[in-house]
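A.B. asks: Before I ask anything, let me first share the structure, which is written out below as structure tokens.
The values are calculated or read from the model by the stated rules, or taken from the named source; none is laboratory data. Being a predicted model, the structure only gives us computed values, none of them experimental. For neighbour counting, all protein chains shown are included, and Cβ atoms are generated from backbone atoms with ideal geometry for every residue, glycine included.
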Amino acid sequence: MSAPTTNQKLLDWVAEVAEMTTPDQIVWCDGSKEEYDRLMQLMVDSGMAIKLNEEKRPNSFAFNSDPSDVARVESRTYIASVKEEDAGPTNNWIDPNELKETMKKLYKGCMKGRTMYVIPFSMGPIGSPIAKNSIELTDSPYVVVNMHIMARVSTEVLRLIEKTDEFIPCLHSVGKPLAEGEKDSRWPCAPLEDKYIAHFPEERLIWSYGSGYGGNALLGKKCLALRIASAQAHDEGWMAEHMLILRFTNPEGKKYHVAAAFPSACGKTNLAMLQSTVPGWKVETIGDDIAWMKINPETGKLHAINPEAGFFGVAPGTSEASNPMALASCASDAIFTNVVVTADKDVWWEDMGYDCPNGGGTDWKNNAWTQGMKDADGKKILGAHPNSRFTARADHCPVICPDWEDPAGVPIDIFVFGGKRTSTVPLVHEAFSFDHGVFMGATASSEPTAAALDLGNVSLRFDPYAMTPFMGYHAGDYMQHWFNMGEKLGDKAPRCFYVNWFRKTDDGKWLWPGFGENSRVLKWMCDRVEGKVGARETAIGLMPIDGELTLDGLDISAEDWAALMAVDKDGYKKTLADMKAYLAKFGDKLPAKISEQVDALEARLNA
Ligand code: OXD
Ligand code: MN
């Protein structure tokens, strides 16, 4: 196939990689439906993909990964900045030259027996001033079809690269060359010790080896749109954040735009597609995972785009009750990875809201499975892997915002931070100032997971801006960048809030009736922006005046409300102690403004 571009830089890079990895052939992708169908057919024929029931799940396919390759591998993810101190204490670092030498040995001949696909893609609407053009080279057809959904794959991107001579190179291999005549496995990948998800932030270069799964392999998502983009955003004065984006419209038609950062598994997709329970107010989805934001010269505000074109959502727990809009998004034209395939070739996962039809099917390990089945230790065998995913087109979401592809982005009014705390942190509080909000985001915390508790680790997990696994540079510099953005934005900066949906009573009962009611909290935020409601000043921030956050129609007792809204000073003092220990890691890279905020919080708690 002759190369469909005249860009020499791109041609040289493709030739150089092909020489190193020695694929049997090179295919330049165009993002067309014909290409998607052809590759899916290829994978159905090879046994990698299962075509789902055309009536129940039109144009949809299921895949099962290798049991060793089921999630992002943070232990094998590297920020290979030129200087170690630029990666900081939250990232793995290897000297870039050393890492390249190691990886070149792995890449040598690694595509033998395979096809190398050249995927031209844009993160963000093609041609948007906020978007980025990129090329992923991969030997995985599964990656190509997922990229078709998650990014904008198009030959138009080649035309832009020809004009600008600029693109972000992303190299990916599953790391499993095929010997002459060797039959491929269903999910080829390399062993953990050979997996590398490498970022070279100064060169804006991504090299990934050995995994075919999710963020390890779909390089536009976490690798480009967060790790590389955050480094670039730092240098250029914009923001690449692990945030959902939604529009909340009031009954008079006034629109508010919210960007919210939560760590993985805190329900970002659910919030992004929330169905409002406040009469007359409506949520529309712009993005569920990543926001790129630049200061708009006309409005002076931060304008955000969703750089992605699809949702790579966690399947288990997604039900008609928890997130009907996500279910609707993957009703057709979707890819499912590591879920149960039912007897009639539909999909099922745990907590989907109903039992598995016919009592079972084929589980994510590709074994015959019946619901309720137990292993030798009496533990329930899950049909779907807890990190199983649906890949769904954003334009299939019934509540996608009509402006979700506006190349100029939407103006952000509100930033929300949060984590998972069953105690201490109230349902909602507002920052005193943008700088205080930067501090809230920098010190967002969650309780240790059950697994961490088992290992005796009882301290809080701090996750600044929900970006810990995704920062392309030093976390201290990251916090400073937020302060710098605040300075540039001045009074145009978004208002900042901190939420906690996860409060429990001492006897383990949820205090807040659930995700579905979160629109009430969003409305209070909008009322604050509008100056329609006041707030009481507490040690931790500004909190609702009783009666001003609407609870109409909710069955929530006065005691429960008081508990949800209490400021537990002793609990906060413990959090503060954990926070200081955490922040000490950043040494002299910790912004002075963070230390000032810590001192001010401490003084308020002791007052
Ligand atoms: C994700 C994550 O997959 O944050 O989006 O882990
Ligand atoms: Mn995410």
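A.B. asks: Working carefully through the options Ala466, Ala431, Ala444, find the one that is touching a residue at least 40 places away in the same chain (Cβ under 8 Å), farther than 30 Å from Ala321 by Cα and either surrounded by fewer than 19 Cβ atoms within 10 Å (Cβ to Cβ) or in contact with a strand residue (DSSP E or B) (Cβ under 6 Å, 6 or more places away or on another chain) (or both). So that I can check it myself, show each step before the final result.
C.D. replies: Details: Ala466 fails: farther than 30 Å from Ala321 by Cα; Ala444 fails: farther than 30 Å from Ala321 by Cα.
Criteria check complete, one pass: Ala431.
A.B. asks: Within region 152-162, identify whether any single residue is over 24 Å from Gly313 (Cα atoms) and assigned to a loop (DSSP other than H, G, I, E, B), and answer yes or no.
C.D. replies: Within region 152-162, one or more residues are over 24 Å from Gly313 (Cα atoms) and assigned to a loop (DSSP other than H, G, I, E, B).
A.B. asks: Something else: What are the residues in region 422-458 that are assigned to a loop (DSSP other than H, G, I, E, B), at pLDDT 95 or above and either of a type in the set (Asp, Glu) or touching a Lys or Arg at 6+ places or on another chain (Cβ under 7 Å) (or both), if any?
C.D. replies: Residue satisfying the conditions is Leu427 alone.
A.B. asks: Still on this structure: When you look at Arg76, is it farther than 22 Å from Gly47 by Cα, among the charged types (D, E, K, R) and within 16 Å of ligand 2 (Cβ to nearest atom), yes or no?
C.D. replies: no
A.B. asks: Considering only region 230-258, state which residues are closer than 17 Å to Pro402 by Cβ and within 16 Å of ligand 2 (Cβ to nearest atom).
C.D. replies: Selection gives Ile245, Leu246.
A.B. asks: If you don't mind, there's one more thing I want to ask. Can you tell me which of Asp406, Asp463 is in contact with a Pro (Cβ under 9 Å, 6 or more places away or on another chain), within 16 Å of ligand 2 (Cβ to nearest atom) and either of a type in the set (Asp, Glu) or modelled with pLDDT under 95 (or both)?
C.D. replies: The match here is Asp463.
A.B. asks: Further question: Only one of these conditions is not met by Phe417: (1) under 17 Å from Arg528 (Cβ atoms); (2) assigned to a helix (DSSP H, G or I); (3) within 16 Å of ligand 1 (Cβ to nearest atom). Which number is it?
C.D. replies: Of (1) under 17 Å from Arg528 (Cβ atoms); (2) assigned to a helix (DSSP H, G or I); (3) within 16 Å of ligand 1 (Cβ to nearest atom), only one is false for Phe417: (2).
A.B. asks: Give me a count of the residues in region 4-26 that are in contact (Cβ under 8 Å) with a residue 60 or more places away in the chain and under 17 Å from Val157 (Cα atoms).
C.D. replies: 8
A.B. asks: Of everything in region 567-605, what is more than 16 Å from Asp463 (Cα to Cα), in contact (Cβ under 8 Å) with a residue 24 or more places away in the chain and polar (S, T, N, Q)? Give them in sequence order.
C.D. replies: Gln597
A.B. asks: Please determine whether any residue of region 483-494 is farther than 30 Å from Ala231 by Cβ, free of Cβ contacts under 8 Å to residues at least 24 places away in the same chain and either surrounded by fewer than 18 Cβ atoms within 10 Å (Cβ to Cβ) or of a type in the set (A, V, I, L, M) (or both).
C.D. replies: No.
A.B. asks: Give the number of residues within region 50-67 that are surrounded by fewer than 14 Cβ atoms within 10 Å (Cβ to Cβ) and of a type outside the set (Asp, Glu).
C.D. replies: Total meeting the criteria: 2.
A.B. asks: Got a sec? Which of Ala151, Ala198 is surrounded by 23 or more Cβ atoms within 10 Å (Cβ to Cβ) and within 16 Å of ligand 1 (Cβ to nearest atom)?
C.D. replies: Ala151
A.B. asks: Across region 74-101, what is the number of residues that are assigned to a loop (DSSP other than H, G, I, E, B) and in contact with a Leu (Cβ under 7 Å, 6 or more places away or on another chain)?
C.D. replies: 1
A.B. asks: One residue is enough: does region 452-459 have a residue meeting the conditions hydroxyl-bearing (Ser, Thr, Tyr), free of Cβ contacts under 8 Å to residues at least 60 places away in the same chain and surrounded by fewer than 17 Cβ atoms within 10 Å (Cβ to Cβ)?
C.D. replies: no
A.B. asks: Which number in (1) modelled with pLDDT under 95; (2) within 27 Å of Lys593 (Cβ to Cβ); (3) touching a helix residue (DSSP H, G or I) at 6+ places or on another chain (Cβ under 6 Å) marks the one condition that Tyr473 misses?
C.D. replies: Single failed check for Tyr473: (1).
A.B. asks: Out of Lys504, Lys509, I need the residue that is modelled with pLDDT under 95 and surrounded by 12 or more Cβ atoms within 10 Å (Cβ to Cβ). Which one? Break it down stepwise before answering.
C.D. replies: Numbers: Lys509 fails: surrounded by 12 or more Cβ atoms within 10 Å (Cβ to Cβ).
That would be Lys504, the only listed residue that is modelled with pLDDT under 95 and surrounded by 12 or more Cβ atoms within 10 Å (Cβ to Cβ).
A.B. asks: Which residue is nearest to ligand 2 (Cβ to nearest atom), if the candidates are limited to region 199-228 and must be touching a residue at least 40 places away in the same chain (Cβ under 8 Å) and small (Gly, Ala, Ser)?
C.D. replies: Among them, the one singled out is Gly215.
A.B. asks: So which residues in region 296-319 are more than 16 Å from ligand 2 (Cβ to nearest atom) and closer than 24 Å to Thr249 by Cβ, if there are any at all?
C.D. replies: Asn296, Glu298, Thr299, Gly300, Lys301, Leu302, His303, Ile305, listed by residue number.
A.B. asks: Here is a follow-up. Would you please list the contacts, defined by Cβ atoms under 6 Å and residues six or more apart or on different chains, that run from a residue in region 67-91 that is of a type in the set (Ser, Thr, Tyr) to a residue that is within 16 Å of ligand 1 (Cβ to nearest atom)?
C.D. replies: Thr77/Ile197; Thr90/Thr468
A.B. asks: Do we have Ala315 as in the same structural domain as Ala368 (by TED's automatic domain parsing) and either closer than 16 Å to Glu405 by Cβ or surrounded by 20 or more Cβ atoms within 10 Å (Cβ to Cβ) (or both) here? I'd like the intermediate steps shown before the answer.
C.D. replies: Working: in the same structural domain as Ala368 (by TED's automatic domain parsing): yes; either closer than 16 Å to Glu405 by Cβ or surrounded by 20 or more Cβ atoms within 10 Å (Cβ to Cβ) (or both): yes.
The answer is yes for Ala315.
A.B. asks: Among the residues of region 261-304, which ones are hydrophobic (A, V, I, L, M, F, W, C), in contact with a helix residue (DSSP H, G or I) (Cβ under 7 Å, 6 or more places away or on another chain) and away from ligand 1 (no atom under 15 Å from the Cβ)?
C.D. replies: Leu274, Val278, Trp281, Val283, Trp292, Ile295, Leu302
A.B. asks: Taking Leu564 as the residue in question, decide whether it is outside any helix (DSSP H, G or I), touching a residue at least 40 places away in the same chain (Cβ under 8 Å) and not β-branched (Val, Ile, Thr).
C.D. replies: No: the conditions fail for Leu564.
A.B. asks: Tell me whether region 113-131 contains one or more residues that are within 23 Å of Met239 (Cα to Cα), touching a Phe, Trp or Tyr at 6+ places or on another chain (Cβ under 8 Å) and of a type outside the set (A, V, I, L, M).
C.D. replies: Yes: region 113-131 contains one or more residues that are within 23 Å of Met239 (Cα to Cα), touching a Phe, Trp or Tyr at 6+ places or on another chain (Cβ under 8 Å) and of a type outside the set (A, V, I, L, M).
A.B. asks: On the given criteria, is Lys301 in contact with a strand residue (DSSP E or B) (Cβ under 7 Å, 6 or more places away or on another chain) and without any contact (Cβ under 8 Å) to a residue 60 or more places away in the chain?
C.D. replies: Working: in contact with a strand residue (DSSP E or B) (Cβ under 7 Å, 6 or more places away or on another chain): yes; without any contact (Cβ under 8 Å) to a residue 60 or more places away in the chain: no.
So Lys301 does not fit the description; no.
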